[in-house]
Each structure stands twice: as C-alpha cells, then as structure tokens.
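Please treat every number below as a calculation from the coordinates, not as lab data. Note that the structure is predicted; figures quoted are calculated from it, not measured. Please note: Cβ atoms are built from the backbone with ideal geometry, for glycine as well, and neighbour counts cover all protein chains shown.
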Amino acid sequence: MKFAVIIITHTAPEQTQRLVGRLNTGDFDCYIHVDKKVDIETHRDMFGMEHMYFVEERFDVQWGGYSAIEATLSCIRKMVASGIKYDHVSLLSGQDYPIKNAEHISRFFAAHPGKQFMLYKNMETEWQIAKARVEKYHFTDFNFRGKHRLEDVVNFLTPKRKFPIDMELFGKETYWSITGECAAYVANFIGRRPKLQHYLKYTWGADEFLFHSIILNSPFKDTVVNKNYRYMVWPPGEPRPKVLTTADLPDLLASDALFARKFDMAVDGGVLDLIDAHT
C-alpha cells in the first residue's frame, strides 16, 4: 500500500526535514507546500530527497484565509498528476509530528481501507458559533489598511451571505486523513465551481469546514469516521493549540492518535527525541 502526506509549512526547514525523515520508510510520499512568504532556498537541503516533492504552485497563506485551502489543493493536484494511487492522504502542518512510528501508521491505514478520518460537527445544530464564518464577509487574505473597519461596514450594510451550494455544512478541525480517491474528488469538486471559489475567498477558516462539508455531502459520506487521530491541547480561550514539550510526553505516549501538534524545536526539540525513542 502507498500513502501520501501533505505538509503545509512556513516554519524551520530543519523541523520539516525531521518530520519527513520520521516517515521515510518507502510507504509514504510527502508533498510539501512552502509558504510563499518563505524563501524556498531555505529548504535546499531537502531538494531531491527520495519520496519528497515540493509543489511549484505556492501561496501566501494567511491564518484563517482561503489561501490555506489553495495551498492544500496545490499539493493534491501534484499528487494526482503523479499518477500514483495513494490509499490514504494525511494533511499536516510543518509543526506536526508523528507520535507513532511509520510502520504503525501504515498498519493502521491498511486496517481501515476506504475510510475517511476527520473530526466534525454539524454547523447548524452543533457548531452554530461557526456560522459567522460563512454568513459574513471576511477579508483575511487581503492586506490593506483599514480592512477590519471595512469588514464591519460591509457586514452592517449587507444581508447574511448564503452558501452558494445547497448542502449541510460540517467542520471542526483542519487536519484529516482521507483516501486518495476522496482527496481527488474534493479537488475536482472545488475546481469545477468558480462561484464557490469566489465565495470562499471571503469566508474565514474554510480549512476547518470545506473538506468536511464536501465529503459529508458526497458519495463518501458513509465512509467517514468522526475522529482525526490528532493529539492537540487547546488552552482555555486560546485560538491556537499549545506548543507541546517534554512535560506532555506521558499524554502523548498514552494517546491513540497518529500525529500531534504543535511542536517547536526552538522551544523544546528534546520531546521529539523522546517520542522517537519510545515509539
């Protein structure tokens, strides 16, 4: 069986290289999007490494912007163009790290053929706070003075936005593991709908609901498992997960998750050594 990993990164190349190395058994191919704000030459040491592919189509990714979806889609397009059949595709950031070894992860996916793993809630009944992401205008991917003030004015003067496709909306956490066939389906679905793309450019956090919504309204809906096998710790009231350190090791080792985030080698690189040693 063959697996792909999509890595969306803007962080230290040494950390990305370590992440790739952890999975470099031959079962995994890594497709890497380096943020357009980052000089690609900083990753030169990884050019030409086996089972690793940098995407040429790069985007200036903004937190919460549709640009995060565009970066992911650029990796899927390169993956599809390779002609390789991937049984599962996992989306990671450059600050993720496998907390199980590559052989364990391979066995897990081999034991669950055709399954999609993503954490989700229904936006209408369980995650209503997220409705503002699609009902209001957001200028997240745009950089100009006074954009937040303009957002307020536009949303005051205009009615609630309506999602351009009649579907139930689902979402929660960005990171997922889905089949290669399902990933290609989503990329094709979005690619054939320019009105949807235009609409999404003015939403917030589309990476936390778009894939989920398309898949759960598709022929793949009955294959979805409501769990993404990611370990994260969310401090109360914080919009981002905490940086994991050696103090978190017991919980990391006890988890059934395959990947965890987020790590920062500049803060505590030793925790990655300990994960490697114990798994």
Practice problem: Give the longest segment of the chain that steers clear of GluC sites (Glu not before Pro) in DSSP loops with at most 10 neighbouring Cβ atoms within 10 Å, not counting the sites themselves. | Solution: 57-279
Quiz item: How many angstrom lie between the C-alpha centres of the range 137-152 and the range 217-262?
Solution: 31 Å
Quiz item: Residue by residue through the range 13-20, which ³J(HN,Hα) values in whole Hz follow from phi under the Karplus form 6.51 cos²θ - 1.76 cosθ + 1.60 (θ = phi - 60°), with glycine and proline marked x?
Solution: x, 4, 6, 4, 5, 5, 4, 4
Quiz item: Can you list residues whose amide H is under 5 Å from Val5's amide H, if they're 5+ apart or on another chain and H is modeled 1.01 Å from N?
Solution: Asp29, Cys30, Tyr31, Ser90
Practice problem: Just name one of Gly269, Trp63, Val153: the one whose Cα is farthest towards the positive end of the charge dipole of the chain (beta-carbon charges, Lys/Arg +1, Asp/Glu -1). | Solution: Val153
Quiz item: Over the chain, what is the mean sequence separation of C-alpha contacts under 8 Å (at least six apart), divided by residue count, expressed as relative contact order in percent?
Solution: 22 percent
Quiz item: Got a sec to turn the phi values of the range 262-279 into Karplus ³J(HN,Hα) couplings, 6.51 cos²θ - 1.76 cosθ + 1.60 with θ = phi - 60°, whole Hz, x for Gly and Pro?
Solution: 10, 10, 9, 4, 6, 8, 7, x, x, 5, 5, 4, 5, 4, 4, 6, 9, 10
Quiz item: Shape call for the range 20-177 from the C-alpha gyration tensor, a ≥ b ≥ c root eigenvalues: rounded (a/c under 1.5), prolate (a/b greater than b/c) or oblate?
Solution: oblate
Exercise. With θ set to phi - 60°, apply the Karplus curve 6.51 cos²θ - 1.76 cosθ + 1.60 along the range 205-214 and write out the HN-Hα couplings as whole Hz, x wherever there is a Gly or Pro.
Key: x, 4, 5, 9, 9, 5, 4, 4, 5, 4
Exercise. Among Thr245, Met167, Cys182, flag the residue with its Cα farthest along the positive direction of the charge dipole of the range 3-278, charges on Cβ as +1 for Lys/Arg and -1 for Asp/Glu.
Key: Met167
Quiz item: What are the trypsin sites (Lys or Arg not before Pro) within the range 137-244 that DSSP puts in a loop, where the Cβ has at most 11 other Cβ atoms within 10 Å?
Solution: Arg145, Lys160, Lys162, Arg192
Quiz prompt | Placed amide H near Asn228: partners under 5 Å, 5+ positions off or other chain | solution = Leu119
Quiz item: Which label belongs to the value computed from this structure, given these candidates for Cα Rg over 2.2 N^0.38 Å: (1) 1.52; (2) 1.14; (3) 1.00?
Solution: (3)
Quiz item: Where the only charges are on Cβ atoms (+1 Lys, Arg; -1 Asp, Glu), what is the dipole of the range 1-63 about its Cα centre, to the nearest 20 debye?
Solution: 160 debye
Self-check item: Ellipticity estimate at 222 nm from DSSP helix runs (n ≥ 4, -39,500 (n - 2.57)) divided over the chain, nearest 500
Solution: -9500 deg cm²/dmol
Practice problem: Starting from the amide H of Thr25, placed 1.01 Å from N in the peptide plane, find each other amide H under 5 Å away whose residue is 5 or more places distant or on another chain. | Solution: none
Quiz item: In debye, nearest 20: dipole of the chain around its Cα centre with unit charges on the Cβ of K, R (+) and D, E (-)?
Solution: 1040 debye
Exercise. Tally the DSSP beta bridges in the chain and give the antiparallel ones as a percent, rounded to 5.
Key: 30 percent
Quiz item: In the range 1-79, which trypsin sites (Lys or Arg not before Pro) are in a loop and have at most 12 other Cβ atoms within 10 Å, using DSSP for the loop call?
Solution: Lys37
Exercise. Just tell me which lysines come within less than 30 Å, Cα to Cα, of Lys2; anything on the same chain fewer than 8 places away is out.
Key: Lys36, Lys78, Lys85, Lys100, Lys115, Lys121, Lys172, Lys221, Lys227, Lys262
